[in-house]
1. Under a crude label model (7 Å from the Cα following the beta-carbon direction), how far is residue 28 from residue 1 in nanometres?
2. Order the peptides 12-23, 50-61 from the highest to the lowest mean number of other Cβ atoms within 10 Å of their residues.
3. Excluding residue 37 itself, what net charge comes from residues whose Cβ is under 11 Å from its Cβ, given Lys and Arg +1 and Asp and Glu -1?
4. Would you mind checking which residues have amide H under 5 Å from residue 56's amide H? H placed 1.01 Å from N; only 5 or more apart, or other chain.
Amino acid sequence: MSFGERLKNLREEKQLSQKQLGKMLGLDQRTISTYESDDRFKNGDRLIKIADFFGVSIDYLLRDNNECNNKDNNKDNKKQR
């Protein structure tokens, strides 16, 4: 799964429009649209904002696999060790 597909899935899970997500992240709707269509490179600061907003790691956003790396799950796993 590409970054754009993953971003769109996360956005839709929260039932947000591209415009709503953009407003929450300080980006415009066109930027979200280009990210979701994989037409534009994501800079590091924006990746951090997106990962923090959805509670996932940057690795989860960028890697081509389906394993969810939810930050809350990672915290729970560390506590159990």
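Values quoted throughout were computed directly from the atomic coordinates according to the rules given, and no laboratory measurement underlies them. What you see is a predicted model; the values in this text were computed from it and never measured. Here Cβ is always computed from backbone atoms with ideal geometry, including for glycine, and neighbour counts include all displayed protein chains.
1. Taking the simple label geometry, residue 28 and residue 1 are separated by 2.9 nm.
2. Ranking, from highest mean packing down: 50-61, 12-23.
3. My count for the surroundings of residue 37 gives -1.
4. 71
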